[in-house]
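Any read-out appearing in this document is the output of simple, stated calculations on the displayed coordinates, not a laboratory observation. On a predicted model such as this, the values are computed, not experimentally measured, just so you know. In this analysis, Cβ positions are derived from the backbone assuming ideal geometry, glycine residues included, and neighbour counts consider all displayed protein chains.
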Amino acid sequence: MNNLYVAIEGIDGSGKSTFLKELVSSLDEKKLDFITLREPGHGKIGEKIRELLLSHEHEVSRRTEVLLFAANRAQLSSDEIKPAIDSGKWVFSDRTVISSLAYQALGRELNIKEVRDVNEFALDGIWPDKVILLNLPVEKVKDRQVVADRIGSSDIEFFNKVQNAYLKIANENKASYLILDAEEEINHNVEKALDWLGI
């Protein structure tokens, strides 16, 4: 079985972190060799960038947001993703570059090619092989959030753009995307994901 870099994606409140936690339990049972990541964050540099990106204390421009996410990914690619893949481990990440295409490019109405190019440089060509998209109705976003961060506090219009962006990207890349109903029972979704990944 070839190891893969797998993205767990979806709008705020879609249950990515909970899904990944349950997925990890199943992966442990199957004795799979893997690592998990979260974006933004992970590592000393990543956590500093996470604070800048998500704290309500900072005013972050659209372009700065793109570059900060990309800087986090550059460090992750060097420190975690490449070494794991090269050693034969699977990589499962709560958010990846796909989030920047949905949130920063299409959500913030920036040029998607420019956002893609910045991240291509940051990741040094290492993009997710497979994407699991948790699809949640936009009106449920605020209900699911306990404490919304700076980006999570955006209005419904913004999340509509992001949701449409995710679905657009998924429909353009159907072979590498699995769309799951985020309101389905979580163990059911985990089983579907494992089957789709061939684990």
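Kindly indicate whether any position in the range 44-62 is small (Gly, Ala, Ser) and farther than 19 Å from residue 153 by Cα.
Yes, that holds for at least one residue.
For the range 105-195, list the helices (runs of 4 or more DSSP H) that sit wholly inside it and hold at least 2 residues that are closer than 17 Å to residue 9 by Cα, within 14 Å of the chain's Cα centre (by Cα) and touching a residue at least 12 places away in the same chain (Cβ under 8 Å); which are they? First the steps, then the outcome.
Numbers: elements: 112-123, 141-144, 156-172.
Ranges flagged: 156-172.
If you check every pair at least six apart or on different chains, which have Cβ atoms under 9 Å apart with a residue in the range 28-49 that is touching a residue at least 60 places away in the same chain (Cβ under 8 Å) and under 19 Å from residue 7 (Cα atoms) first and a residue that is buried (at least 16 other Cβ atoms within 10 Å of the Cβ) and aliphatic (A, V, I, L, M) second?
Within 9 Å, the pairs are 32/199; 39/76; 39/97.
Quick check on this structure: which one of 17, 25 is surrounded by fewer than 14 Cβ atoms within 10 Å (Cβ to Cβ) and either under 13 Å from the mean Cα position of the chain (by Cα) or closer than 15 Å to residue 127 by Cα (or both)?
Values: 25 fails: either under 13 Å from the mean Cα position of the chain (by Cα) or closer than 15 Å to residue 127 by Cα (or both).
Unique residue meeting the criteria: 17.
Which residue, of 123, 167, 133, is in contact with a Gly (Cβ under 9 Å, 6 or more places away or on another chain) and farther than 25 Å from residue 59 by Cβ? First the steps, then the outcome.
Details: 123 fails: in contact with a Gly (Cβ under 9 Å, 6 or more places away or on another chain); 167 fails: in contact with a Gly (Cβ under 9 Å, 6 or more places away or on another chain).
It is 133.
Out of all the residues in the range 111-126, is one or more crowded, with 22+ Cβ neighbours inside 10 Å, under 26 Å from residue 159 (Cα atoms) and charged (D, E, K, R)?
Within the range 111-126, none of the residues are crowded, with 22+ Cβ neighbours inside 10 Å, under 26 Å from residue 159 (Cα atoms) and charged (D, E, K, R).
Counting only residues that are touching a Pro at 6+ places or on another chain (Cβ under 9 Å) and surrounded by fewer than 20 Cβ atoms within 10 Å (Cβ to Cβ), how many does the range 1-14 have? Even if it seems obvious, please write down each step before you answer.
Initially, the range 1-14 is screened for residues touching a Pro at 6+ places or on another chain (Cβ under 9 Å), giving 4-7, 9.
Still in the running and surrounded by fewer than 20 Cβ atoms within 10 Å (Cβ to Cβ): 4.
Residues meeting the conditions: 1.
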